[in-house]
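Inspection log for the structure reproduced underneath, given as structure tokens.
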Amino acid sequence: MPLSFRSENHGNIAFGFFNIESDMLLLENHFFFADRFCRWMGEIAGEREPESVPFELEVHVIENPGDMGDLMGAIHGIRFTGFIGRTYELYPFPRDPKGFKQNPEGFRTQKIIEKEIERFSSPGSMALTFHRDGGVRMGACEFSIPVFHDLIRYVWQGGYPRWKDEIRPGYVRDMKDRVMKSGNRFFQGVFAS
């Protein structure tokens, strides 16, 4: 489930998984798969001076809020509108609350989810910019380094409700390995104990 994270320029914003059977993430109205996000973080963590390197992630952008859908209505099985509603028609919220865990094999639904989101979105890109003063910009959102770290840890943990049986996909484990080896100051302390 997406959580609220504090941005420096837009107040609280939504980031996270929105259906436990998909590994797609949202950042406000930008949608992208978690394996791409993790690969992106791993590549950036390998850069010594990310301030001088442009990074862009291909995303799906949903401009019309009605096309995004009603997450809570879909979870409760009462309102299946927009893209999120469609994902819950395909992959309903579990009847048993104990089943509410992020599926580590959610990447297997990517082709289906990609086909569905194309009906509601347009292709776009989201730039990631690192500022010498320590700020990080993802698309239109500015984050402090601690909040940027929270976004990375959210994906590592499987968001809320966490990964099923604490099993993480390989791409998530690879991201952590690369971040842990990073000498990049923007990634220092992400996984500190």
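The values are calculated or read from the model by the stated rules, or taken from the named source; none is laboratory data. Note that this is a predicted model, so its numbers are computed, not measured. All Cβ positions, glycine included, derive from the backbone under ideal geometry; neighbour counts span all protein chains shown. The protein model used for the area step is the full one, side chains on, heavy atoms only, and it has no ligands, DNA or RNA in it. Shrake-Rupley method; radii C 1.70, N 1.55, O 1.52, S 1.80 Å.
Looking only at residues in the range 60-69 that are open to solvent by 50 Å² or more (accessible area, probe 1.4 Å) and assigned to a loop (DSSP other than H, G, I, E, B), the one that is farthest from Gln188 (Cα to Cα) is Asn64. Only residues that are open to solvent by less than 10 Å² (accessible area, probe 1.4 Å) and closer than 24 Å to Glu89 by Cβ were counted across the range 27-55, and they come to 5.
Those strands (runs of 3 or more DSSP E) of the range 120-193 in which at least 2 residues are surrounded by 12 or more Cβ atoms within 10 Å (Cβ to Cβ) and free of Cβ contacts under 8 Å to residues at least 60 places away in the same chain, considering only elements entirely within it, cover 136-138. Annotation note: of Arg95, Arg108, Arg48, the sole residue that is modelled with pLDDT under 95, of a type in the set (Lys, Arg) and within 26 Å of Asp174 (Cβ to Cβ) is Arg48. Considered as a group, the residues in the range 76-118 that are polar (S, T, N, Q) and assigned to a helix (DSSP H, G or I) include one that is nearest to the chain's Cα centre (by Cα), and that residue is Gln110.
A single member of Phe80, Phe55 is touching an Asp or Glu at 6+ places or on another chain (Cβ under 9 Å), among the aromatic types (Phe, Trp, Tyr) and touching a residue at least 24 places away in the same chain (Cβ under 8 Å), and it is Phe55.
Residues that are within 29 Å of Val136 (Cα to Cα) and among the basic types (Lys, Arg): does the range 41-62 have at least one? Checked the range 41-62: at least one residue is within 29 Å of Val136 (Cα to Cα) and among the basic types (Lys, Arg). Here the range 4-26 is the region considered, the condition is being without any contact (Cβ under 8 Å) to a residue 60 or more places away in the chain and of a type in the set (A, V, I, L, M, F, W, C), and the residue that is most open to solvent (accessible area, probe 1.4 Å) is Ala14. Just one of the numbered conditions (1) free of Cβ contacts under 8 Å to residues at least 24 places away in the same chain; (2) under 16 Å from the mean Cα position of the chain (by Cα) is not true of Met1: (1). Thr87 meets all of the listed conditions (1) surrounded by fewer than 19 Cβ atoms within 10 Å (Cβ to Cβ); (2) of a type in the set (S, T, N, Q); (3) over 20 Å from Leu57 (Cα atoms) but one, namely (1). Is it the case that some residue within the range 30-37 is assigned to a loop (DSSP other than H, G, I, E, B), closer than 23 Å to Arg137 by Cβ and aliphatic (A, V, I, L, M)? Among the residues of the range 30-37, not one is assigned to a loop (DSSP other than H, G, I, E, B), closer than 23 Å to Arg137 by Cβ and aliphatic (A, V, I, L, M), which makes the answer no. Say whether the condition of being in a helix (DSSP H, G or I) and among the basic types (Lys, Arg) is met by at least one residue in the range 45-59. The answer is no, given that none of the residues of the range 45-59 is in a helix (DSSP H, G or I) and among the basic types (Lys, Arg).
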